[in-house]
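The values are calculated or read from the model by the stated rules, or taken from the named source; none is laboratory data. What you are looking at is a predicted structure, and each value in this text was computed from that prediction instead of being measured. Every residue, glycine among them, receives a Cβ derived from its backbone with ideal geometry; neighbour counts consider all protein chains shown. These area figures cover heavy atoms from the full protein model, side chains too; ligands, DNA and RNA do not enter into them. Shrake-Rupley method; radii C 1.70, N 1.55, O 1.52, S 1.80 Å.
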Amino acid sequence: MTNQSPVNRRRFLRICAAGAAGLALPTGVAMAGGRAQLYRWRGIALGAGAEIDILHESASEAGRLFTKVEAEIRRLEAIFSLYHPESELVRLNADGQLPAPSLEMVDLLGLCDRLHAATDGAFDPTIQPLWAYYARQASGDTGEDLETARSRTGFRQVIYDPGEVRFARKGMAMSFNGIAQGYITDRVTALLASKGCTNMVVDLGEIVTRGAPNEGTGPDADTHHGWPVTLRPVPERSEAGTKIHLTDAAVASSARLGTTFDQAGRRSHIIDPRTGLPVEGGLDGASVIAPAAALADGLSTAALVAGEKNLGKALAEFPATRAFVVRGDGSTGWLDA
């Protein structure tokens, strides 16, 4: 599951392709720290490829840190996973209520609440019945109709506090697929930071950077502050990208046709919770930069539902956020908070 071998500290920091759709780092990045080397962990988080790179002076300590990371990922999966049979989310979806939820569950629901309000309902984790409807339809099942599935959604029907989470309507269910990877990325980053890591990139589906490459002199020294990152929200459209330098920030990307319900690749996996329909037209992709990965994850998920104008309004609700968007006509642009 892991790979903890040291990598030459002058070698560029490479993000695992499986977990970083739309992002790539160029070669020739000089690493900070005289004796530190780059240590890399690879594994799985919420079913997706994950990678963490840290600068550290001790191989044995880096190994111990990665063991702690694995344990933290498994702990958080036991809260948010849609497929872990005993996760808090699975139990909530099955029973319609969850007594004594974890602090993390309540915390994430609080962020979902803020995003739901800021995006006028474009972000809504209660779309799971709609996901199930389209999955059944794709397999030829003509059971429950769309309006019935849609009647079982609505984040305002989720009641939560430290004592309990429950659904006000029968048959409701949630999915945190549009935000949980970012939340876990933030928690793992905080864990590593608490253990003294100051230069790292954490990629658990969404990406957080801390520290920066060496800004010294030399042929491969970086003259900008931060990790050089190429944003490419729609991976197959190499021309619709831009290069930035990122430090002490997070980035998340979503593509309208990144995953589809149909084999033809035309029915987007991103559903508008207000209509119950897969999104069509508008933005083809968006990369959101924010102080935290969970926020970037949620906003990038909502971006393709909200559209460019309403995304701009949502960014204004969250300081230090911005988005790079790819429009349906192929043009690109930046939106700032």
I'd like the Karplus ³J(HN,Hα) series for segment 62-74: coefficients 6.51, -1.76, 1.60, θ = phi - 60°, whole numbers in Hz, and an x wherever there's a Gly or Pro. 4, x, 5, 5, 5, 5, 5, 4, 4, 5, 5, 4, 5
Could you sort Lys243, Lys170 by accessible area so the largest value comes first, with the probe set to 1.4 Å? Lys170, Lys243
Given a 1.4 angstrom probe, what's the average accessible area per residue across segment 92-251, in square angstrom? 43
As a test of reading the structure, rank Ser331, Ser300 by solvent-accessible area (1.4 Å probe, protein chains only), most first. Ser331, Ser300
Under 17 Å Cα-Cα from Lys195, which aspartates and glutamates qualify once same-chain neighbours fewer than 8 residues away are excluded? Asp53, Glu57, Glu61, Glu70, Glu72, Asp186, Asp248
Accessible surface of segment 105-160, 1.4 Å probe, proportion on carbon and sulfur as whole %: 48
In whole Hz, what ³J(HN,Hα) sequence does segment 79-93 give by Karplus (6.51, -1.76, 1.60; θ = phi - 60°), x for Gly and Pro? 9, 9, 5, 7, 10, 5, x, 10, 5, 4, 5, 4, 5, 4, 5
What list of whole percents do you get for P(r) of segment 38-182, with Cα-Cα distances grouped in 10 Å bins up to the one holding the largest distance? 11, 34, 30, 17, 7, 1
How much net charge surrounds Ala320 when only other residues with a Cβ under 14 Å from its Cβ are counted (Lys, Arg +1; Asp, Glu -1)? -2
Find the Cα radius of gyration of segment 81-156, compare it with 2.2 N^0.38 Å by division, and give the number to two decimals. 1.23
If you average the C-alpha positions of segment 298-328 and of segment 102-117 separately, how far apart do those two centres end up, in angstrom? 19
In order over segment 274-288: 3J(HN,Hα) from phi, Karplus 6.51/-1.76/1.60, θ = phi - 60°, whole Hz, x for each Gly or Pro, gives 7, 10, x, 10, x, 5, 9, x, x, 7, 8, x, 8, 10, 10
